[in-house]
Amino acid sequence: MPLKLLNTMSRAVEPVAPAHADGVFRLYCCGLTVYGPGHIGNFRAFVAQDVLRRALEIELGRDKVNHARNITDVDDKTIRESQAAGKTLGEFTKVWTEKFHADCAALNLLAPQHEPSAVEHIPGQIAMIERLLKNGHAYRAPDGSVYFKVSSFAEYGKLSHLKLEELETQKSNSAGAVNAADEYSREHVADFALWKTRKPEDGPNFWPSPFGEGRPGWHIECSAMIEKIFGGATIDLHGGGVDLIFPHHENEIAQSCCAHHGEANYGFVRQWFHNAHLLVDGRKMSKSLGNFYTLADIEKMDFAPVVLRYALIAGHYRSPLNFTKHGLEAAQSAVQKLDKHVQALALRATGDAAKAKEAIARLKKSAPEALRWGRYATAWEVLCDDLNVPGAMGEMFKIEPKTSSVEQAMEDLEGIIKISVFALGLDVPLTQAKTEAPAEIIALAQQRWDAKQAKDFAKADSVRKELTAKGWKILDRKDGFDLEKE
C-alpha cells in the first residue's frame, strides 16, 4: 500500500511520492526558535515528522529522502533573551541549539541532511526581498521596514482557506495564539514584515541591507532557505504544527510564489503536513499554569526519553493529544511490552541470548528493503493510511511473539525491526537503566516461563531461585512476566 497523507491545502488524503525525475523526496520542516529548551509541544511536531521520514525511507529507500529542518536564531525572542542574559546573539543561541540537538538524539530523531540557520541565510533573505520589491509585491514603510503587500497575491489564504477580506490582522495564528512577529507599522493590517528596520532595543543585532540596517522578518527565512537548499525547485512536502498554517505557512507561500513571479508552474510546495495541538491535563501548556514540560522535566519524573517518544505518537498526529502522567505510565508499559516482543522473537529465532543480541544488532544495520515483513505487514499497511500510528501499534500488539517455527520467528524479527518508524526498542533503551534487565536475565526468565507453561514446575522453581540469587524478582502476568531488580 502506498503511503498517503492528508494534504492541508486540498483537505484530501493523497498518495505521497516524489515528483522529480531523480526520485528524491524533498522534505522541509519548520524547526525550533532557539531562545530556550524545546518543550513537549515542539517535540510532538518533530517526532511526528521523524515517523514520517522513517516511513518515507522504508518506502523509497534511505538515500531517496532529502530532509531539511531550520533553526530560527534571530527574531524578537532570541534578541530579547540574549540581551537579558548578557550574551551575544550567537553565544546565546548556540547554547540552546546544542540543547535541542541533545534532546533530538535522546528522542531518537534522525538528523536532517540540512539544518540551515536564519542568521546564516540573511544574504539570501535580502536577495529575495529585493526581488519582491522589484516586482511590486513588497513596499518600504516610512520607518525603513519592508512589508509584503498581501493584496498583490490573489491566492493568499488558499492554505488556511481564509479570504483576504476576512483578514483583520497578522497578530494571531491558526491556533489562536498571539503572533508578535509583525507588530511594526504597515499599510494594511494583513501585510507582514519582510525586513524590520533597526531599533534601539535591538542592540548590536542588525545587518546592513539595501533597505537600511535591520534584520529579517520571521517568515522570509524559510522561503529563502528552501530556495537555497532545493535550488528553487518545487518541494514535495512541507511540515509543521497546526499553529503555523496561518500566518507563517500562508506567508511562505505568498512570498515564495511572488519571488518566482513569471516562472511557469512554480508551485512551491506540493503537499502540506500539519500536526495538531498538545494539551497538558486538558489545558493549554504554559509556564503560568505550571504545566510546561521539557524533556529534562520528563526525565526528572523517572521516564526515559523513548517513553516520551511513544506518548507523543500514541495519538493520531491530526488529533489533539492530551498529555498526562497516566499517559506516560501507559506508554512505559507499552514500550516494555514491545521490547519483550523483540527479545522473545530474537531468542526464539536464535535459541541463545548472546546470539539474539547479535541478530538484533545485525538486522538494525540492514537496509529496510532487505528485510521481510513477517506478520507485521498488516501494521505497515495501517500506518500507510495517513500515518496511522495508533492503528499500526494496535496491529502490532495483536501479534503473539510465540511462533510455530524458528523461521517464522526470524521473519517476524525482521518485520518488527523493519517497521522502525516508531524507533522503539530498536535503537535506544526503552526504560530507565534502573528497571532494565540484562539479556541473560531475560533469557532465564523466558526459560522459567516456558517451563511453567509446559507444567514443568520443578524446573520453573529452579530457574526462579537462580533469578533470585542473581538479584531479580519475576512477576507473572496472565500473558507473560515482568522483571524487577531486588
- [ ] Name the single residue, out of those in the stretch 371-422 being in contact with a Lys or Arg (Cβ under 7 Å, 6 or more places away or on another chain), outside any helix (DSSP H, G or I) and over 15 Å from Gly315 (Cα atoms), that is modelled with the lowest pLDDT.
- [x] Thr403
Open item on the list: For the stretch 178-210, give me the residue count where each residue is of a type in the set (A, V, I, L, M, F, W, C), assigned to a loop (DSSP other than H, G, I, E, B) and at pLDDT 95 or above.
Closed with: 1
Task: Exclusive hit being more than 15 Å from the chain's Cα centre (by Cα) and either closer than 19 Å to Arg26 by Cβ or surrounded by fewer than 23 Cβ atoms within 10 Å (Cβ to Cβ) (or both), set Gly315, Gly240, Gly231 - done: Gly231
Open item on the list: Can you list residue pairs whose Cβ atoms sit under 9 Å apart, with the first residue in the stretch 100-125 being at positive phi and the second being surrounded by fewer than 18 Cβ atoms within 10 Å (Cβ to Cβ)? Count only pairs 6 or more apart in sequence or on different chains.
Closed with: Asn108/Asp427; Asn108/Val428
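Given the structure, is Asn265 farther than 30 Å from Ala19 by Cβ and either in a helix (DSSP H, G or I) or modelled with pLDDT under 95 (or both)?
Numbers: farther than 30 Å from Ala19 by Cβ: no; either in a helix (DSSP H, G or I) or modelled with pLDDT under 95 (or both): yes.
Considered against the rule, which asks whether it is farther than 30 Å from Ala19 by Cβ and either in a helix (DSSP H, G or I) or modelled with pLDDT under 95 (or both), Asn265 comes out as no.
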Open item on the list: Given the condition within 20 Å of Phe148 (Cα to Cα), at pLDDT 95 or above and charged (D, E, K, R), answer yes or no: does some residue in the stretch 223-244 qualify?
Closed with: yes
Open item on the list: On the basis of being among the small types (Gly, Ala, Ser) and within 15 Å of the chain's Cα centre (by Cα), does Ala84 make the cut?
Closed with: no
Open item on the list: Condition (residue is outside any helix (DSSP H, G or I), of a type in the set (A, V, I, L, M, F, W, C) and surrounded by 18 or more Cβ atoms within 10 Å (Cβ to Cβ)) applied to the stretch 330-344: is it met by at least one residue?
Closed with: no
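Got a number for residues in the stretch 252-291 being among the charged types (D, E, K, R) and loosely packed, with under 13 Cβ neighbours inside 10 Å? Full working, then the answer.
Restricting attention to the stretch 252-291, the residues satisfying the condition of being among the charged types (D, E, K, R) are 252, 263, 270, 281, 283-284, 287.
Cutting the leftovers down to loosely packed, with under 13 Cβ neighbours inside 10 Å gives us 263, 283, 287.
Residues meeting the conditions: 3.
It is to be established whether one or more residues within the stretch 116-130 are polar (S, T, N, Q) and in contact with a strand residue (DSSP E or B) (Cβ under 7 Å, 6 or more places away or on another chain). Break it down stepwise before answering.
If we filter the stretch 116-130 for residues that are polar (S, T, N, Q), which is where we start, we get 117, 125.
With in contact with a strand residue (DSSP E or B) (Cβ under 7 Å, 6 or more places away or on another chain) added as a condition, the list becomes 117, 125.
Yes.
Does Pro116 satisfy the criteria of being surrounded by 15 or more Cβ atoms within 10 Å (Cβ to Cβ) and in contact with a helix residue (DSSP H, G or I) (Cβ under 6 Å, 6 or more places away or on another chain)? Before the answer, list the steps.
Working: surrounded by 15 or more Cβ atoms within 10 Å (Cβ to Cβ): yes; in contact with a helix residue (DSSP H, G or I) (Cβ under 6 Å, 6 or more places away or on another chain): yes.
Yes.
The values are calculated or read from the model by the stated rules, or taken from the named source; none is laboratory data. Keep in mind it's a predicted model, so treat the numbers as computed, not measured. Methodologically, a virtual Cβ is constructed for each residue, glycine included, from the backbone with ideal geometry; neighbour enumeration extends over all protein chains shown.
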